[in-house]
């Protein structure tokens with residue numbers, strides 16, 4: 001069987017991503033599979049393709065209602081019979097799905113884990129042949145995972161009821177302990193195990209000392225003006241307060257948390273998915289089911305729960321492979337508070353508490369270590385990085401100098417030894433700096449020979465030294481309820497031998513937050529941006545018309561190939577990577593017309609002119625020479641007009657023109673229809689619809 005041919009025909013791709021073909025082959029043969037593939041690694045195709053090639057209906061278990069709908073809409077756009085059955089459906093809609101299952105009209109059915117284990121649902125499944133069972137977000141089955149859900153442990157009933165149906169378990173993150181739990185608790189029989197790379201090369205990781213968090217968030221947002229992003233907050237109140245404040249700074253910000261009414265949450269999700277430039281301030285209740293490819297930044301306003309959660313949440317940035325950044329605001333007090341919360345919480349068993357403490361220790365090391373962020377993160381996930389530095393995270397871009405720190409290190413190790421492993425880094429640092437605290441007075445630690453021996457260093461600098469010593473293996477965290485420090489054998493040996501120890505310079509200034517540094521990405525080819533912008537605008541129009549997310553119509557990579565190859569027939573269009581035959585038939589006429597329009601410079605103005613002198617005069621921050629308006633003034637005026645037209649037509653502003661197109665208008669200042677048509681993002685249709693109104697504004701700006 002030519003799997004590539006089927007992939008090309010059904011999904012429009014001419015090659016598999018890493019591990020996909022092997023996974024598909026194993027499932028077709030009836031073998032169980034455990035697949036751990038990073039976000040954007042193509043997990044869906046791994047079960048969707050074999051579901052089409054095996055007889056029967058595939059059942060896909062997913063906890064994410066919004067993602068179910070997106071997946072089903074995407075499959076249907078490719079001509080594949082798919083459905084979802086969850087609490088968002090009305091009674092009549094659920095009845096129709098039940099009939100479609102009974103009449104064998106569905107190839108893929110998405111359900112939540114709670115429904116999948118109901119006796120009534122399993123009885124219904126017994127009436128139809130099943131091709132496979134796919135368990136998405138499979139890490140939820142393990143207490144060592146970052147999102148443990150007890151209902152997942154009941155899914156074993158599916159294996160017991162349908163022992164001969166192959167099962168595939170999929171997740172984006174799973175440390176070895178989680179992988180072992182997934183295989184055992186789902187009853188996988190001698191599964192093939194595929195572990196992809198977790199390295200998201202297009203993401204830049206940074207940790208910033210949390211000092212003025214609102215202003216720090218605003219700085220990131222302004223670096224990505226008119227681009228979409230998520231700011232994760234630790235409480236519902238923080239999401240609302242931060243979103244409200246950002247709106248006062250002229251940022252399109254919305255709050256999202258589980259306590260909001262369902263209509264408000266759905267509205268926020270839809271706006272975020274369909275519009276550019278929306279910033280959502282959210283708890284972790286947001287994002288798991290949002291399959292939006294062009295999120296350009298993720299900020300953690302508060303500390304994440306653990307490193308798996310951090311990886312999963314930052315993974316919502318840059319799913320399209322384009323450069324994106326992930327910023328974590330971190331305060332030294334965050335980790336002690338995290339341990340205190342773990343100590344207060346009621347866990348079902350001690351194993352859960354122990355797992356939480358262990359994860360907190362790994363998170364602390366990641367936040368406080370001067371090592372490469374990417375290397376630390378990947379090694380935690382079980383993937384050797386193989387390089388000393390990534391040259392894209394904050395620690396690699398601003399490496400700390402290493403010095404001979406033997407005296408400082410031996411003093412720190414001696415202090416930890418004398419405390420007998422009963423205290424944490426903050427207390428050790430207070431002793432070494434000579435700080436008077438109730439805890440120090442209570443235990444008489446101001447009488448230790450190490451008390452106040454180095455007044456030249458602050459507590460935070462001593463904490464950096466202690467973190468470095470822990471990184472190098474001289475110190476380790478204790479196993480109690482709180483993050484205590486103790487000597488390792490290596491630390492004992494260093495003290496005994498007065499070993500020379502090299503450390504990062506604790507006197508270094510903390511590096512400032514830097515401007516965004518681009519990572520390798522798939523940029524449009526030079527000279528192709530104009531047609532690409534037009535095709536992207538057309539795709540957004542089609543998506544709005546059909547109620548789909550834009551990427552469900554065509555992925556960005558396919559649009560770039562169309563812009564490069566300029567196909568003039570449906571047959572030629574169907575050879576483009578990412579364009580299935582069904583999509584070539586469905587959207588081909590409009591796409592080909594846009595390609596042809598791009599090659600033409602003809603056009604006539606039909607729109608009634610409109611005057612927007614007030615908009616041109618409203619912006620006075622950047623003063624222009626007499627008789628000439630600045631590019632920024634003109635750009636602002638064009639945006640004002642665009643918003644007016646969008647309001648008239650009841651559509652998102654970017655469907656009229658993208659900001660990049662408006663900037664080109666402000667820069668080139670075309671005054672004729674022929675010149676206007678040469679602006680990237682302006683097609684013949686848009687020239688006819690909007691040209692005269694925009695040209696009027698440009699002429700006013702041109703003359704001042």
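When 375, 354 are checked against the criterion of being out of contact with any helix residue (DSSP H, G or I) (no Cβ under 7 Å at 6 or more places or on another chain) and either in the same structural domain as residue 472 (by TED's automatic domain parsing) or modelled with pLDDT under 80 (or both), a single residue qualifies: 354.
Of all residues in segment 171-180, those that are touching a strand residue (DSSP E or B) at 6+ places or on another chain (Cβ under 9 Å) and either in a loop (DSSP other than H, G, I, E, B) or under 19 Å from residue 54 (Cα atoms) (or both) total 3. Among the residues of segment 279-308, those that are within 19 Å of residue 236 (Cβ to Cβ), outside any strand (DSSP E or B) and modelled with pLDDT of 85 or more comprise 283, 301, 302, 303, 304, 305.
When we screen 264, 243 for residues that are outside the structural domain of residue 542 (by TED's automatic domain parsing) and either closer than 23 Å to residue 306 by Cβ or surrounded by 15 or more Cβ atoms within 10 Å (Cβ to Cβ) (or both), the only hit is 243. Of all the listed residues (38, 81), the sole one being surrounded by fewer than 17 Cβ atoms within 10 Å (Cβ to Cβ) and farther than 20 Å from residue 188 by Cα is 81. Residues of segment 389-403 that are touching a strand residue (DSSP E or B) at 6+ places or on another chain (Cβ under 6 Å) and either surrounded by fewer than 21 Cβ atoms within 10 Å (Cβ to Cβ) or assigned to a loop (DSSP other than H, G, I, E, B) (or both): 392, 393, 400, 402. Within segment 118-169, the set of residues being surrounded by 24 or more Cβ atoms within 10 Å (Cβ to Cβ), assigned to a loop (DSSP other than H, G, I, E, B) and at pLDDT 95 or above comprises just one member, 166.
Failed condition for residue 605, given (1) in contact with a helix residue (DSSP H, G or I) (Cβ under 7 Å, 6 or more places away or on another chain); (2) outside the structural domain of residue 567 (by TED's automatic domain parsing); (3) at pLDDT 75 or above, with all others met? The number of the failed condition is (3).
Taking residue 227, is it outside the structural domain of residue 117 (by TED's automatic domain parsing), farther than 22 Å from residue 58 by Cβ and under 15 Å from the mean Cα position of the chain (by Cα)? Judged against the criteria, residue 227 is a match. When residue 184 is tested against (1) surrounded by 16 or more Cβ atoms within 10 Å (Cβ to Cβ); (2) farther than 30 Å from residue 386 by Cβ, just one condition goes unmet, and that condition is (1). Against the condition outside the structural domain of residue 304 (by TED's automatic domain parsing) and within 23 Å of the chain's Cα centre (by Cα), how does residue 178 come out, does it pass? For residue 178, the condition - outside the structural domain of residue 304 (by TED's automatic domain parsing) and within 23 Å of the chain's Cα centre (by Cα) - is met. Taking segment 404-425 as the range and being within 18 Å of residue 504 (Cβ to Cβ) and surrounded by fewer than 21 Cβ atoms within 10 Å (Cβ to Cβ) as the test, the residues that pass are 404, 405, 406, 407, 410, 411. Scanning segment 215-236 for residues that are within 11 Å of residue 281 (Cβ to Cβ) and not in a loop (DSSP other than H, G, I, E, B) turns up 217, 221, 229, 230, 231, 232, 236. Scanning segment 237-271 for residues that are assigned to a helix (DSSP H, G or I) and in contact (Cβ under 8 Å) with a residue 24 or more places away in the chain yields a count of 8. Collect the residues in segment 42-69 that are surrounded by fewer than 22 Cβ atoms within 10 Å (Cβ to Cβ), over 22 Å from residue 29 (Cα atoms) and touching a helix residue (DSSP H, G or I) at 6+ places or on another chain (Cβ under 8 Å), keeping them in residue-number order. Within segment 42-69, 63, 66 meet the criteria.
Taking residues in segment 73-101 that are outside the structural domain of residue 50 (by TED's automatic domain parsing) and free of Cβ contacts under 8 Å to residues at least 12 places away in the same chain, and partners anywhere that are crowded, with 18+ Cβ neighbours inside 10 Å and not in a helix (DSSP H, G or I), not one pair has Cβ atoms closer than 8 Å while being at least 6 places apart or on different chains. A count restricted to segment 18-35 and to residues that are surrounded by fewer than 23 Cβ atoms within 10 Å (Cβ to Cβ), out of contact with any strand residue (DSSP E or B) (no Cβ under 7 Å at 6 or more places or on another chain) and either at pLDDT 90 or above or not assigned by TED's automatic domain parsing to the domain that holds residue 70 (or both) stands at 5. Suppose we keep only residues that are surrounded by fewer than 19 Cβ atoms within 10 Å (Cβ to Cβ) and in contact (Cβ under 8 Å) with a residue 24 or more places away in the chain within segment 580-597. Which one would you say is nearest to residue 568 (Cα to Cα)? Among those residues, the one meeting the criterion is 596. When residue 99 is tested against (1) part of a helix (DSSP H, G or I); (2) on the phi > 0 side of the Ramachandran plot, only condition (2) is not met.
Among the conditions (1) surrounded by 23 or more Cβ atoms within 10 Å (Cβ to Cβ); (2) under 30 Å from residue 483 (Cβ atoms), residue 256 misses just one, which is (2).
Tell me whether segment 103-114 contains one or more residues that are part of a helix (DSSP H, G or I), without any contact (Cβ under 8 Å) to a residue 40 or more places away in the chain and farther than 26 Å from residue 153 by Cβ. Looking through segment 103-114, none of the residues is part of a helix (DSSP H, G or I), without any contact (Cβ under 8 Å) to a residue 40 or more places away in the chain and farther than 26 Å from residue 153 by Cβ.
One residue alone among 266, 236, 247 is at pLDDT 90 or above and out of contact with any strand residue (DSSP E or B) (no Cβ under 7 Å at 6 or more places or on another chain), and that residue is 236.
The values are calculated or read from the model by the stated rules, or taken from the named source; none is laboratory data. Treat the numbers as computed from the prediction; the structure is a model and nothing was measured. Methodologically, a virtual Cβ is constructed for each residue, glycine included, from the backbone with ideal geometry; neighbour enumeration extends over all protein chains shown.
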